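In what follows, a structure is listed as structure tokens, so that the remarks can point back to it.
The values are calculated or read from the model by the stated rules, or taken from the named source; none is laboratory data. These numbers come from a predicted model, not from an experiment. With ideal geometry, Cβ positions are generated from the backbone for all residues, glycine too; neighbour counts draw on all protein chains shown. Side chains are part of the model used for accessible areas, which takes the heavy atoms of the whole protein and leaves out ligands, DNA and RNA. Shrake-Rupley method; radii C 1.70, N 1.55, O 1.52, S 1.80 Å.
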Amino acid sequence: MSQSASLHSQAYCYYIELTGTERPELLNALTASEQVLGDWERVHAAKLPTWRLWTNANADTIRYTVAHIIARSALPQNAYWLLQYKGTDHGHPRMLHPQFHTH
């Protein structure tokens, strides 16, 4: 799915990929404060449950948020990958951080 840069004004794009066997729909579990972090998108083409979050929040905030969403969803077996990209360029994202793998 391609998006034009004009659709997203946020500084970062995070890929959130769960590695467990469960297939939760995390977007249904977002609190109001998590919803306003940015634009959440389900990545339907991904093999594992994956979401994109377009936001200005830093990686520590997103790690904290994702860990709490997973915990609320009762998915302790799910580790996840969190990748941070420079936000608006879908075609040529620039990874800003190594992958954060959290158990």
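Can you report the number of residues in segment 69-80 which are in contact (Cβ under 8 Å) with a residue 12 or more places away in the chain and over 11 Å from Glu17 (Cα atoms)? Reasoning before the result, please.
From segment 69-80, those in contact (Cβ under 8 Å) with a residue 12 or more places away in the chain are 69-70, 72-73, 75, 77-80; that's our starting set.
Still in the running and over 11 Å from Glu17 (Cα atoms): 69-70, 72-73, 75, 77.
Qualifying residue count, segment 69-80: 6.
Condition first: within 15 Å of Tyr85 (Cβ to Cβ) and either at pLDDT below 85 or not in a strand (DSSP E or B) (or both). Now tell me which residues in segment 10-30 satisfy that.
Initial filter on segment 10-30 (within 15 Å of Tyr85 (Cβ to Cβ)): 10-17.
The answer is Gln10, Ala11.
For beta carbons closer than 6 Å, sequence separation of 6+ or different chains, a first residue in segment 40-54 that is over 14 Å from Tyr12 (Cα atoms) and a second that is among the polar types (S, T, N, Q), the qualifying pairs are Val43/Thr50.
Answer yes or no: is there a residue in segment 31-38 that is in contact with a strand residue (DSSP E or B) (Cβ under 9 Å, 6 or more places away or on another chain), more than 13 Å from Trp81 (Cα to Cα) and surrounded by fewer than 16 Cβ atoms within 10 Å (Cβ to Cβ).
No, there is no match, as no residue in segment 31-38 is in contact with a strand residue (DSSP E or B) (Cβ under 9 Å, 6 or more places away or on another chain), more than 13 Å from Trp81 (Cα to Cα) and surrounded by fewer than 16 Cβ atoms within 10 Å (Cβ to Cβ).
Within segment 39-61, being assigned to a loop (DSSP other than H, G, I, E, B) and open to solvent by less than 40 Å² (accessible area, probe 1.4 Å) holds for Val43, Ala46, Pro49, Ala57. Please verify whether segment 62-81 includes one or more residues that are closer than 12 Å to Gln10 by Cα and either in a strand (DSSP E or B) or not small (Gly, Ala, Ser) (or both). No, segment 62-81 contains no residue that is closer than 12 Å to Gln10 by Cα and either in a strand (DSSP E or B) or not small (Gly, Ala, Ser) (or both).
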